[in-house]
1. With respect to Ala35, determine if the residue is small (Gly, Ala, Ser) and over 30 Å from Phe110 (Cα atoms).
2. How many residues does segment 155-166 contain that are within 24 Å of Tyr209 (Cβ to Cβ) and either open to solvent by 90 Å² or more (accessible area, probe 1.4 Å) or in contact (Cβ under 8 Å) with a residue 60 or more places away in the chain (or both)?
3. When you go through Thr175, Thr190 one by one, which is the residue that is within 10 Å of the ligand (Cβ to nearest atom) and open to solvent by 80 Å² or more (accessible area, probe 1.4 Å)?
4. Have a look at Gly58, Gly81, Gly28, Gly89 and point out the one that is open to solvent by 70 Å² or more (accessible area, probe 1.4 Å), free of Cβ contacts under 8 Å to residues at least 60 places away in the same chain and either part of a loop (DSSP other than H, G, I, E, B) or not acidic (Asp, Glu) (or both).
5. Looking only at residues in segment 134-151 that are among the aromatic types (Phe, Trp, Tyr) and part of a loop (DSSP other than H, G, I, E, B), which one is farthest from Ile180 (Cα to Cα)?
6. Going by what's in this entry, would Lys106 be described as charged (D, E, K, R), exposed (fewer than 11 other Cβ atoms within 10 Å of the Cβ) and assigned to a loop (DSSP other than H, G, I, E, B)?
7. Is there a residue being within 30 Å of Thr6 (Cβ to Cβ) and open to solvent by less than 80 Å² (accessible area, probe 1.4 Å) anywhere in segment 145-154?
8. I need every pair where a residue in segment 184-204 that is modelled with pLDDT under 90 has its Cβ under 8 Å from the Cβ of a residue that is away from the ligand (no atom under 16 Å from the Cβ) and open to solvent by 70 Å² or more (accessible area, probe 1.4 Å), sequence separation at least 6 or different chains.
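The values are calculated or read from the model by the stated rules, or taken from the named source; none is laboratory data. Everything numeric here is computed off the predicted structure, so don't read it as measured data. Cβ placement follows ideal geometry from the backbone for every residue including glycine, while neighbour counts extend to all protein chains displayed. Just so you know, the surface numbers come from the protein's heavy atoms only, side chains and all, with ligands and any DNA or RNA stripped out. Shrake-Rupley method; radii C 1.70, N 1.55, O 1.52, S 1.80 Å.
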Amino acid sequence: MGQLVTPFFGFEVGDGKIVSFWKDKWCGTTPFCKAFPSLFAIATSKEAWVNEVWTAEGERRGSWTPCFNRPFNDWEMEEVGRLLCCLDGKMVRVDEEDRVRWMESKNGIFSVKSLYRALQPVSLASFPSKIIWNSYVQPKISFFAWEASWGRVLTLDRLQKRGWALANRCFLCQTCGESIDHRLLHCERTREVWTLLLSFFGVSWVFPYSVKETLLG
Ligand SMILES: [Zn+2]
């Protein structure tokens, strides 16, 4: 569990005593050692805490003073510029403690929902929402397509999972078990309709396994 969630935690810097300037995520979503590798390579203190890189001038003012082993080369200036841009507006506040921040929600507070979303970026990104929620399609059909894509239509296999004691057999072909993917795509009776329909357009197509992938296809 620790390994699962650790990558999504970062820091909100207060007094900067427990946050590593180069190695922790506290400014943006990537540690500076990864965002600015060539600057990290010449950094004098790679283990510096954030407060060691900040020079305070009074209570609410100060400047960032990272130290490097040698003067910069021309080609490193672009990275220096980007580092300074990142640091712009950030400051160390002596009167506040550093806090852990959950990076996957806007308010920085952990929620299971945001973790779930973070762990499934690919499948959420490739959900066929534009095809389903389309203004040319009647709402009840859109809703059915949405249910079918998530596999939430109450076909016999789902009723069984809900504890109904019944035999699962497709009403159309009487051979396979019923699921939404079978009913809409793979059943031999359904397939006859698809073949007929596709033949009008001269298309022959191998169907993906699920309704969602079919809509994406
Ligand atoms: Zn069938």
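1. So Ala35 fails the test.
2. Filtering segment 155-166 down to residues within 24 Å of Tyr209 (Cβ to Cβ) leaves 155-162.
Next, from what is left, pick out any that are either open to solvent by 90 Å² or more (accessible area, probe 1.4 Å) or in contact (Cβ under 8 Å) with a residue 60 or more places away in the chain (or both): 161-162.
Here the count works out to 2.
3. The unique qualifying residue is Thr175.
4. Values: Gly58 fails: open to solvent by 70 Å² or more (accessible area, probe 1.4 Å); Gly81 fails: open to solvent by 70 Å² or more (accessible area, probe 1.4 Å); Gly28 fails: open to solvent by 70 Å² or more (accessible area, probe 1.4 Å).
When all the criteria are applied, what remains is Gly89.
5. Residues of segment 134-151 among the aromatic types (Phe, Trp, Tyr): 136, 143-144, 146, 150.
If we keep only those that are part of a loop (DSSP other than H, G, I, E, B) as well, we get 136, 150.
Details: Tyr136: 24, Trp150: 10 Å.
The extreme case among them is Tyr136.
6. Spelling it out, Lys106 is indeed charged (D, E, K, R), exposed (fewer than 11 other Cβ atoms within 10 Å of the Cβ) and assigned to a loop (DSSP other than H, G, I, E, B).
7. So far as segment 145-154 goes, no, none of its residues is within 30 Å of Thr6 (Cβ to Cβ) and open to solvent by less than 80 Å² (accessible area, probe 1.4 Å).
8. Leu198/Ser204; Leu198/Trp205
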